Amino acid sequence: MLAAAQQSLERLSPQLLARITASRRVILLANNPAITREHLEALALTADDLVVSFNKCRNRTLLRRQWHNLFIHRHNYRKGGYFGFPYKGWLRLFPWFNSRFHSVLLGGEAESLPASHRGASFLPLRQPFPALEGYPYERLPTRGGPSTGFYAVAFFDYVKRLKQADYEIILVGFSDEGGSFWDGHAWDFEREWTRASAVTVIQL
């Protein structure tokens with residue numbers, strides 16, 4: 001199964017893949033306004049860690065250029081383009097002053113990306129990562145599938161297995177409770193897999 005998903009790595013920059021593999025911790029930050037600077041300071045982040053933010057990166061003001069930062073932007077199939085990409089306003093400056101910065105576009109068609117997007121890495125959806133084995137696609141709407149955060153967890157779990165890396169995967173600020181979630185994701189499956197895994201979950 002590990003070999004079956006290797007095509008997912010073909011459009012990642014070698015520098016990003018090397019950074020992931022060499023990391024001590026891969027820390028995924030939810031788009032949760034309750035995350036504070038104190039939460040991140042408690043993690044004692046260093047240059048050996050990779051800090052992952054999603055879509056519009058709502059916690060961007062808490063990030064530091066001394067860290068290795070990765071932004072993952074999911075394809076918006078309704079409107080085209082990607083959530084939070086290309087960067088606007090203050091965020092446009094972030095890559096310029098951060099040599100330890102990476103962008104990943106998640107989903108969509110790599111071949112149809114405009115020239116302005118081709119500097120980013122690309123990660124396809126619907127890859128056979130081990131964490132997604134048994135994911136109940138058949139019970140979801142046509143465009144349903146893993147949430148962006150869980151797909152990222154599945155990807156980092158896959159790379160860890162494939163490369164025999166020893167980094168810790170940490171989730172910060174993700175909810176483990178019910179709520180008004182979009183019905184296109186299998187939330188129960190994602191929560192149960194996370195609870196049974198070696199992923200560290202830091203709730204606020």
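On inspection, Leu16 passes the criterion of being surrounded by 12 or more Cβ atoms within 10 Å (Cβ to Cβ), in contact with a Ser or Thr (Cβ under 7 Å, 6 or more places away or on another chain) and part of a helix (DSSP H, G or I). Restricting attention to segment 32-54, the residues that are touching a strand residue (DSSP E or B) at 6+ places or on another chain (Cβ under 6 Å) and of a type outside the set (A, V, I, L, M) total 3.
Condition first: touching a helix residue (DSSP H, G or I) at 6+ places or on another chain (Cβ under 9 Å), touching a residue at least 60 places away in the same chain (Cβ under 8 Å), surrounded by 15 or more Cβ atoms within 10 Å (Cβ to Cβ) and over 19 Å from Lys56 (Cβ atoms). Can you find one or more residues in segment 135-148 that meet it? No, segment 135-148 contains no residue that is touching a helix residue (DSSP H, G or I) at 6+ places or on another chain (Cβ under 9 Å), touching a residue at least 60 places away in the same chain (Cβ under 8 Å), surrounded by 15 or more Cβ atoms within 10 Å (Cβ to Cβ) and over 19 Å from Lys56 (Cβ atoms).
The residue of segment 115-131 that is nearest to the chain's Cα centre (by Cα), among those that are over 18 Å from Ile20 (Cβ atoms) and outside any loop (DSSP other than H, G, I, E, B), is His117.
Find the residue count for segment 151-186, including only residues that are buried (at least 18 other Cβ atoms within 10 Å of the Cβ), farther than 18 Å from Ile35 by Cα and modelled with pLDDT under 95. Residues in segment 151-186 being buried (at least 18 other Cβ atoms within 10 Å of the Cβ), farther than 18 Å from Ile35 by Cα and modelled with pLDDT under 95: 2 in total.
Annotation: of all residues in segment 124-145 being modelled with pLDDT of 90 or more and among the aliphatic types (A, V, I, L, M), the one that is nearest to Ser103 (Cα to Cα) is Leu125. Residue pairs whose Cβ atoms lie under 6 Å apart, separated by 6 or more positions or on different chains, with the first residue in segment 94-123 and among the basic types (Lys, Arg) and the second modelled with pLDDT of 90 or more, are Arg100/His68. For segment 64-83, enumerate the residues that are within 15 Å of Asp48 (Cα to Cα) and over 15 Å from the mean Cα position of the chain (by Cα). Scanning segment 64-83 gives Arg64, Arg65, Gln66, Trp67.
From the set of residues in segment 70-86 that are out of contact with any helix residue (DSSP H, G or I) (no Cβ under 8 Å at 6 or more places or on another chain) and surrounded by fewer than 22 Cβ atoms within 10 Å (Cβ to Cβ), which is nearest to Leu113 (Cα to Cα)? Only one residue fits best here, namely Gly81. Scanning segment 149-174 for residues being touching a residue at least 60 places away in the same chain (Cβ under 8 Å), more than 16 Å from Arg19 (Cβ to Cβ), among the hydrophobic types (A, V, I, L, M, F, W, C) and in a helix (DSSP H, G or I) gives a total of 1.
The values are calculated or read from the model by the stated rules, or taken from the named source; none is laboratory data. Since this is a predicted model, take the numbers as computed values, not measurements. Quick reminder, even Gly has a Cβ in these numbers, built from the backbone with ideal geometry, and neighbours come from all protein chains shown.
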